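Working notes, beginning with the structure itself.
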Amino acid sequence: MYDVIVIGTGFGGMTASALLAKKGYRTLSIEAASELGGCAGKFERQSFRFQAGATLGMGFEEGGVFSQLFHELDISPPPVHLLDTIMDVHFSERTIRYYQQKERWFDEIARQFPKDSAAIVRFFEEMFSLADAMLSFVYKRPIVPPKTIKQLFQAMQKADRKLVSATPFLFQSIAKRLQHYGIRDETFIAFLNGQLVDSVQTTIERCPALLGAVALSIFHRGAFYVEGGLANVVHALAERYKQLGGEQRMREKVVSIRKQRHWLVTTNRKQTYEAKHVVFNGSLHSIFSILDDSIKRIFSIREEKEKKAPSLGSIYNLSWH
């Protein structure tokens with residue numbers, strides 16, 4: 001029996017697997033595809049490698065999430081190169097150059113949107129400030145949501161004044177913040193929607209302000225080209241995971257998760273694996289088809305509600321105990 005089964009080998013799945021293995025847990029990762037990486041996968045033809053999905057790397061700056069992760073796992077990250085220009089975004093009447101440095105980006109805003117530039121700069125400054133508050137809390141690794149008084153107390157200890165100052169934005173959307181600043185430029189809103197759909201798979205109307213702030217600021221903390229593609233990051237994590245004794249099954253699709261004395265995970269190969277804990281690194285929309293009915297009844301997220309909601313992609317890491 002395993003201590004933990006991790007379903008999915010995207011960034012979240014391989015990170016969880018490697019960190020659990022390093023802490024000494026007997027861990028099994030299961031992947032339905034023939035390639036690791038999820039949205040940062042790849043395919044190869046002859047001697048050429050092609051990236052499939054995400055291409056830009058973030059979090060490799062000093063203190064960034066990947067820098068911390070690779071340090072904790074005692075491995076070196078793949079070679080990366082900081083990009084001055086993140087991307088060119090083409091519209092029918094203009095091309096917006098998205099710069100990594102905030103000062104150059106604000107200059108581009110002034111050139112592209114002279115009428116609304118002051119308001120747009122204030123909007124971005126607010127997004128950067130909110131993101132600082134969120135990330136200062138997240139990097140301390142609180143247990144969210146807390147399930148015990150002890151976990152609640154620990155989370156409160158990790159909260160600082162920055163996070164407290166961000167609480168008024170907790171139930172606001174990005175659209176509400178744009179409305180606050182009087183920003184209505186259709187091209188700018190289309191630009192923002194493109195960034196949000198790419199980062200968090202939703203638009204300004206449905207994107208919470210705090211989540212949107214992190215998504216809109218993350219490029220400006222450092223956008224990197226990773227040599228060999230982002231798949232190299234996942235493969236480095238997978239290699240370290242195996243060195244630490246972790247087990248992996250590829251081309252096995254999970255078709256059932258049920259609970260008896262322990263968790264039972266069954267795949268399309270008619271293999272059933274038993275574990276004390278399960279971590280699901282996939283989309284929330286896809287989980288209901290594999291959960292046993294008895295689990296659905298106690299699941300805190302309701303299937304009917306999620307079916308009506310637009311997908312947010314594979315951003316949920318769910319664990320049950």
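The values are calculated or read from the model by the stated rules, or taken from the named source; none is laboratory data. Source: prediction; values computed, not measured. Positions of Cβ are backbone-derived with ideal geometry, glycine not excepted, and every protein chain shown enters the neighbour counts. All accessible areas refer to the heavy atoms of the entire protein, side chains included, with ligands and DNA or RNA removed. Shrake-Rupley method; radii C 1.70, N 1.55, O 1.52, S 1.80 Å.
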How large is ³J(HN,Hα), in whole Hz, for each residue of segment 2-12 in order, when computed from phi with the Karplus curve 6.51 cos²θ - 1.76 cosθ + 1.60 and θ = phi - 60°, using x for Gly and Pro? 8, 6, 9, 10, 10, 9, x, 10, x, 4, x
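Using a 1.4 Å probe on the protein heavy atoms, what percent of the accessible area of segment 184-291 belongs to carbon and sulfur? Show your work: numbers first, answer last.
On the way: 2150 of 4740 Å².
Percent of accessible area from carbon and sulfur atoms in segment 184-291: 45.
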Might you report the magnitude of the Cβ-based charge dipole of segment 16-72 about its Cα centre, with Lys and Arg at +1 and Asp and Glu at -1, to the nearest 20 debye? 220
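Is there a quick way to get the dipole size of segment 201-269? I mean about its Cα centre, with the Cβ of Lys and Arg at +1 and of Asp and Glu at -1; what is the value in debye to the nearest 20? Let's see the in-between values first.
Values: 11 positive and 5 negative charges, 106 e Å.
My answer is approximately 500 debye.
Seen from all sides and averaged, what is the projected area of the convex hull of the Cα atoms in segment 1-131, in nm²? Please list the in-between numbers first.
Values: hull surface 48.8 nm².
One quarter of the hull surface, i.e. the mean projection, equals 12.2 nm².
Which loop GluC sites (Glu not before Pro) in segment 1-70, with loop taken from DSSP, have no more than 14 other Cβ atoms within 10 angstrom of their Cβ? Don't skip to the answer; put the middle values down first.
Numbers: sites: Glu31, Glu35, Glu44, Glu61, Glu62; in loops: Glu31, Glu35, Glu61, Glu62.
Taking segment 1-70 and a limit of 14 other Cβ atoms within 10 Å, the loop GluC sites (Glu not before Pro) found are Glu62.
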Please give the charge dipole size of the chain, origin at the Cα centre, charges +1 on K and R Cβ atoms and -1 on D and E Cβ atoms. Round to the nearest 20 debye. 1280
Extreme residue, positive dipole direction of segment 179-311, given options Val265, Asn193, Leu237 (C-beta unit charges): Val265
Over all Cα pairs of the chain, how is the pair count split among 20 Å bins, expressed in % and running from 0 up to the last occupied bin? 27, 58, 14, 0
Quick one: what does P(r) look like for segment 135-257 with 10 Å bins over all Cα pairs, in whole %? 10, 25, 28, 28, 8, 1
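May I ask you to derive the relative contact order of the chain, considering only C-alpha pairs under 8 Å and at least 6 residues apart, and to give it as an integer percent?
Details: 521 pairs, mean separation 89.4, N = 321.
It comes to 28 percent, rounded to a whole number.
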Neighbourhood charge, 13 Å Cβ-Cβ cut-off, centred on Glu35 and excluding it, Lys, Arg +1 and Asp, Glu -1: +1
What do you reckon, how do Phe171, Phe191 stack up by accessible area (1.4 Å probe), largest on top? Phe171, Phe191
Compute, for Met156, the solvent-accessible surface of its heavy atoms (probe 1.4 Å) with the complete set of protein chains present, and express it in square angstrom to the nearest 10. 130
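May I ask you to rank Val65, Val214 by accessible area, largest first, using a 1.4 Å probe over the protein chains only?
Of Val65, Val214, the descending order of accessible area is Val65, Val214.
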Relative to the longest principal Cα axis of the chain, at what angle does helix 102-112 sit, 0 to 90 degrees, rounded to 10? 60
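Between the DSSP loop rule and a limit of at most 13 other Cβ atoms within 10 Å, which trypsin sites (Lys or Arg not before Pro) in segment 1-93 are left?
Numbers: sites: Lys22, Lys23, Arg26, Lys42, Arg45, Arg49; in loops: Lys23, Arg26.
Here the trypsin sites (Lys or Arg not before Pro) that fit, given the DSSP loop and packing criteria, are Lys23.
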Name the residue farthest towards the positive end of the dipole of segment 58-145 from the options Pro77, Ala110, Gly59, assuming +1 on Cβ of Lys and Arg, -1 on Cβ of Asp and Glu, about the Cα centre. Ala110
Taking the dipole about the Cα centre of the chain, with the C-beta of Lys and Arg at +1 and of Asp and Glu at -1, give me whichever of Ile120, Gly212, Leu163 is farthest to the positive side. Leu163
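Put Val279, Val6 in order of accessible area, largest first, 1.4 Å probe: what do you get?
Details: Val279 25, Val6 0 Å².
Sorted descending by solvent-accessible area, the residues read Val279, Val6.
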Ignoring ligands and nucleic acids, what accessible area does Tyr25 show with a 1.4 Å probe (Å², nearest 10)? 110
For segment 1-111, the accessible surface attributable to carbon and sulfur atoms (probe 1.4 angstrom, ligands and nucleic acids excluded) amounts in percent to 52
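Using a 1.4 angstrom probe, figure out how much accessible area the chain has per residue, in square angstrom, rounded to the nearest whole. Don't skip to the answer; put the middle values down first.
Working: 17360 Å² over 321 residues.
That works out to 54 Å² per residue.
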Given an 8 Å cut-off on Cα distances and at least 6 residues of separation, report the relative contact order of segment 158-256 as a percent. 25
Could you state how much accessible area Ile290 has, in square angstrom rounded to the nearest 10, with a 1.4 Å probe and all protein chains kept in place? 20
In terms of modelled amide H atoms, which long-range or inter-chain residues lie less than 5 Å from the amide H of Gly41? Ala52, Ala54
